[in-house]
Amino acid sequence: MKDTGLNATEILLPQTDDYTAWATIACDQFTSETEYWDTLKKQVEGKKTTLDMVLPEIYLTGDIDERIKTINKNIDYYYNNGYFKALSKGFVLTVRSTPYVKRRIGLVGAIDLEKYEYSKKSDALIRSTEGTIEERIPPRLKIRKDAAVEFPHVMVLCDDEKMEIIEGLYANREKLEKLYDFDLNMGGGHIEGYFVDDFQAVLEKFATLLDDERLIAKYGKADKFAFAVGDGNHSLATAKAHWNNVKVNLSEEEKQNHPARYALCEIVNIYDEGIYFEPIYRFISGVDREKFIDGLRKVDGGIMHVYDGKTTTLYNGKNSLPQGITAVDEYVKGYIEQNGGVVDYVHGESNLKKLVDDGDDTVGVLFEKLNKADLFRYVSEKGAFPRKTFSMGEGVEKRYYLEGRRIKND
């Protein structure tokens, strides 16, 4: 059987009657919206919650060392006091509805970090789809290096055009043990989870995606490309960096099964009806609006819209979507270096415009959508897209921290 880099694993679930309080949205969402996190904190106060064990990026300012120490203490407290129940080796089938889609199906398992690379051009089995911002890894690494348990918000895409593997499990879900069924907090929709213990059959089906004949037909070459990271690129890159640090002190035998070698994630078929790509917009603040836009007009950002708080202006450049985003990002970086300002990455046109409307030194840049059907072929041919090119859905649809996995030996 061909190795795809995907593995079944022991998964931890909370010992709680309130899953709604337990699950927390991905840490890299709502990074300019303090109100979201303040409201969530009030909702879950005094309850068992993954919010105690993750670091929302909105708090990545100033000295975060004490906050990280608290997070790791909380993880140890939850683990050592029996707040988790361990499933036997297998997968978790997830069924999610959101305010925007009726259903999105996923499969939670562990990927082998030895089979994953996040460099722009890679031939690894598991590849990044977007450029990695190296400076975003160290704060996450500070948490992971001392953490006993990981909680993933990583979503990894497979290219199963026949829609047989994960969809087949969904069709037979009534035969599986139901693990949870609850409403997600803060308007995140609803989620169900089912335990998949027949993991060998699942792995064999994923292995068929690497048949040479199929790969040549799809990509024009037998490119052993099993999975593409859709969401959580930086979290997975952090897991990789941590594993690289850990394995230095291990024997070859110890490296084979050390828990830090693997990272928990959710596999989703790119053809799933609940998967759609949304652009990630640029929100620039602390700038001279007229000066900034005047310079931006000279940049070929491909097809882009610029919002100044009053009007939205269309610019029809000649660059492709990846080339246009790269050109705009280079301009924004250069402008800020010379004149000051801050850039943030925002999901949703209404969210972006609200942020721009709240100031007079702000600008929003909006890009077109990426066609999801082009993703695997593009990455196979040219490597990762520019960082923050696309998002899988709206911010509220991101994966919630729910399942956990031990990443240290007892």
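The values are calculated or read from the model by the stated rules, or taken from the named source; none is laboratory data. These numbers come from a predicted model, not from an experiment. Virtual Cβ from ideal backbone geometry, glycine too; neighbours counted across all protein chains shown. Keep in mind that these areas ignore ligands, DNA and RNA; they rest on the heavy atoms of the full protein, side chains included. Shrake-Rupley method; radii C 1.70, N 1.55, O 1.52, S 1.80 Å.
Each part reduced to its alpha carbon centroid, the stretch 290-340 and the stretch 129-200 end up 35 Å apart. For the stretch 121-277, taking the reciprocal of the average inverse distance between every pair of different Cα atoms yields a Kirkwood hydrodynamic radius of 18.0 Å. Using a Debye calculation, one point per C-alpha and no hydration shell, please list log10 I(q)/I(0) for the stretch 187-255 at q = 0.18, 0.20, 0.26, 0.28 Å⁻¹ in order. Listed by q, the Debye log ratios stand at -1.09, -1.07, -1.01, -1.04. Here is how the number arises for the chain: DSSP H runs of 4 or more residues each give -39500 (n - 2.57), the sum is divided by the residue count, and the result at 222 nm is -9000 deg cm²/dmol.
Considering the convex hull of the alpha carbon atoms of the stretch 249-397, report its projected area averaged over all viewing directions, in nm², one decimal. If you can, show how the numbers build up before the last one.
Values: hull surface 50.2 nm².
Projected area, direction-averaged: 12.5 nm².
Within the same chain, lysines fewer than 8 places from K102 are excluded, and of the rest, those with a Cα less than 17 Å from its Cα are K398.
Keeping every protein chain present and rolling a 1.4 Å probe, give me the accessible area per residue for the stretch 107-185 in Å². Spell out each step's value before the answer.
Details: 3250 Å² over 79 residues.
Result: 41 Å² per residue.
Diffusion coefficient of the stretch 91-137 by Stokes-Einstein, Kirkwood radius over Cα pairs, 20 °C, 1.002 mPa s: 160 µm²/s.
Over 32 Å between C-alpha atoms is what I'm after, so list which of K41/K142; K41/K291; K85/K120; K205/K382; K48/K178 land there. Table pairs above 32 Å Cα-Cα are K41/K291; K85/K120.
Can you give the log10 of the normalised intensity I(q)/I(0) at q = 0.06 Å⁻¹, computed with Debye over equal Cα scatterers of the chain? For the chain at q = 0.06 Å⁻¹, log10 I(q)/I(0) is -0.24. For the chain, modelled as a Gaussian network with Cα springs under 10 Å, which listed residue fluctuates most, K178, K382, K291? Result: K291 has the largest fluctuation of those listed.
With all protein chains in place and ligands, DNA and RNA left out, the 1.4 Å accessible area ranks L60, L113 as L60, L113, largest first.
Nearest 10 degrees is fine. How inclined is helix 321-339 to the longest principal axis of the chain, computing both from alpha carbons? On a 0 to 90 degree scale, this one is about 60. Considering the stretch 1-83, its Cα convex hull presents a mean projected area of 7.9 nm².
Selection among H347, M392, T312 by position relative to the dipole of the stretch 297-410 gives M392 as farthest towards the positive end (Cβ unit charges, Cα centre). Per the Debye calculation on the stretch 308-395 with a single equal scatterer at every Cα and no solvent contribution, log₁₀ I(q)/I(0) for q = 0.19 Å⁻¹ amounts to -1.06.
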